[in-house]
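The values are calculated or read from the model by the stated rules, or taken from the named source; none is laboratory data. Please read all numbers here as calculations on a predicted model, not as lab measurements. Neighbour counts run over all protein chains shown; Cβ positions are idealised from the backbone, glycine included. Side chains included, ligands, DNA and RNA excluded: accessible areas come from the protein's heavy atoms. Shrake-Rupley method; radii C 1.70, N 1.55, O 1.52, S 1.80 Å.
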Amino acid sequence: MTARVLITDPIAADGVQVLEQHLQVDTRIGLKGQELLDALPDYDALIVRSETRVTADVIRAGTKLQIIGRAGVGVDNIDVNAATERGIVVVNAPTGNTISAAELAFGLMLSMARNIPQAHGSLKQGQWRRNEFVGVELRGKTLGVVGLGRVGSELARRAATFEMKILAYDPFISEAHAHNLGAEIGTLEEVLRRSDFISVHTPLTDATKSLLGPAELALCKPGVRFINAARGGIIDEQALLDAVESGHVGGAAVDVFTKEPIDPANPLLKSDKIIVTPHLGASTEEAQTNVAVDVAEEVVAVLQGRAARYAVNLPRVTAETMKATGPYMPVSDICGNVVTQL
């Protein structure tokens, strides 16, 4: 019998086509609540983006689920622990939107440096206030990158071409990797004290939630500007607003928020010194296609008995190791079935 896949959030058509070549695919956008719980027992795989909340109750309802795919990077809308307890693989697409996210962060930094959104809005209202929008050059400024993973590394490469100095904090990155990017590795405190611009690129975890709060912002040099195109909550929103309004922080550009969609009453929307965008990091045609195809290929692989490349709740297996151990996986599956029957 052909395995069945349920898609509850929009993904690019290219990804759906990959799935349809091997599996039975049902797309039911916006399915939630009891309807989602009632539907899941019929499916072997579930694919979501950020809209569907895959809670422990949802996972329990998926009695046949073998894999949950997130067409994107963050999996904070999926209860990964609950999935792991039930032996369900959770995969994401960590590389598909790397360039889009890095380009957005760089665009926000440049827009903030030159007050482009504020000047645009002013001129659209018929006002010629050029003296109020004097900005700064990026050349010669220090960019602090908190998290030098895929997106942070691509941002660093682009900033280097603008002759910026790159200072990075990432306890999991080697000095050799940083050196290849033209970056200097420092502590978080060093990044905060020395940087003119600071861009965060870490996942949202218990360790990184409110990583930059009132105490950390107070360490920064006066006039520093912040960019957050990673995850809402890494920078404490109220602390950021207070620091901007006090003048200690010169400005901020925020693409992600603690609660999304953002509450219209969120005070971050009221400050003229804070540029806001509605979580556009992966909102390019290329990124949408890439993440859809990547997660589709992951789902097909797992349902066909092969290992996933980007499982977030399994150890990563290199291509070399998989080449050696792959032929033994069907044998292990058969042995497990025999043990279960006995």
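The set of residues from region 74-87 being without any contact (Cβ under 8 Å) to a residue 40 or more places away in the chain and in a loop (DSSP other than H, G, I, E, B) comprises N77, D79, R86, G87.
Okay, residues lined up against (1) crowded, with 19+ Cβ neighbours inside 10 Å; (2) part of a loop (DSSP other than H, G, I, E, B); (3) charged (D, E, K, R):
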residue: G96; (1), (2), (3): yes, yes, no
residue: A119; (1), (2), (3): no, no, no
residue: S122; (1), (2), (3): no, no, no
residue: E132; (1), (2), (3): no, no, yes
residue: G140; (1), (2), (3): no, yes, no
residue: L143; (1), (2), (3): yes, no, no
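With the requirement that a residue be surrounded by 14 or more Cβ atoms within 10 Å (Cβ to Cβ) and among the aliphatic types (A, V, I, L, M), what does region 9-42 give you? Hits for region 9-42 are I11, A12, V16, V18, L19, L23, V25, L31, L36, L37, A39, L40.
Residues that are farther than 22 Å from T284 by Cβ, among the small types (G, A, S) and outside any strand (DSSP E or B): does region 27-37 have at least one? Scanning region 27-37 turns up at least one residue that is farther than 22 Å from T284 by Cβ, among the small types (G, A, S) and outside any strand (DSSP E or B). Output the residues belonging to region 10-50 that are without any contact (Cβ under 8 Å) to a residue 40 or more places away in the chain and of a type in the set (D, E). Across region 10-50, the qualifying residues are E20, D26, E35, D38, D42. One residue alone among A324, A292 is modelled with pLDDT of 95 or more, among the aliphatic types (A, V, I, L, M) and in a helix (DSSP H, G or I), and that residue is A292. Test A239 against the stated conditions and say whether it is crowded, with 20+ Cβ neighbours inside 10 Å and either at pLDDT below 95 or not acidic (D, E) (or both). No; evaluated as a whole, the condition is false for this residue. Could you go through region 253-269 and let me know if any residue there is open to solvent by less than 50 Å² (accessible area, probe 1.4 Å), in contact with a Pro (Cβ under 7 Å, 6 or more places away or on another chain), modelled with pLDDT of 95 or more and farther than 11 Å from E237 by Cβ. Within region 253-269, not a single residue is open to solvent by less than 50 Å² (accessible area, probe 1.4 Å), in contact with a Pro (Cβ under 7 Å, 6 or more places away or on another chain), modelled with pLDDT of 95 or more and farther than 11 Å from E237 by Cβ. Can you find a residue in region 311-332 that is open to solvent by less than 70 Å² (accessible area, probe 1.4 Å) and among the charged types (D, E, K, R)? No; the residues of region 311-332 include none that is open to solvent by less than 70 Å² (accessible area, probe 1.4 Å) and among the charged types (D, E, K, R). Only one of the numbered conditions (1) open to solvent by 80 Å² or more (accessible area, probe 1.4 Å); (2) under 30 Å from I78 (Cα atoms); (3) not in a loop (DSSP other than H, G, I, E, B) is violated by R157, and that is (2).
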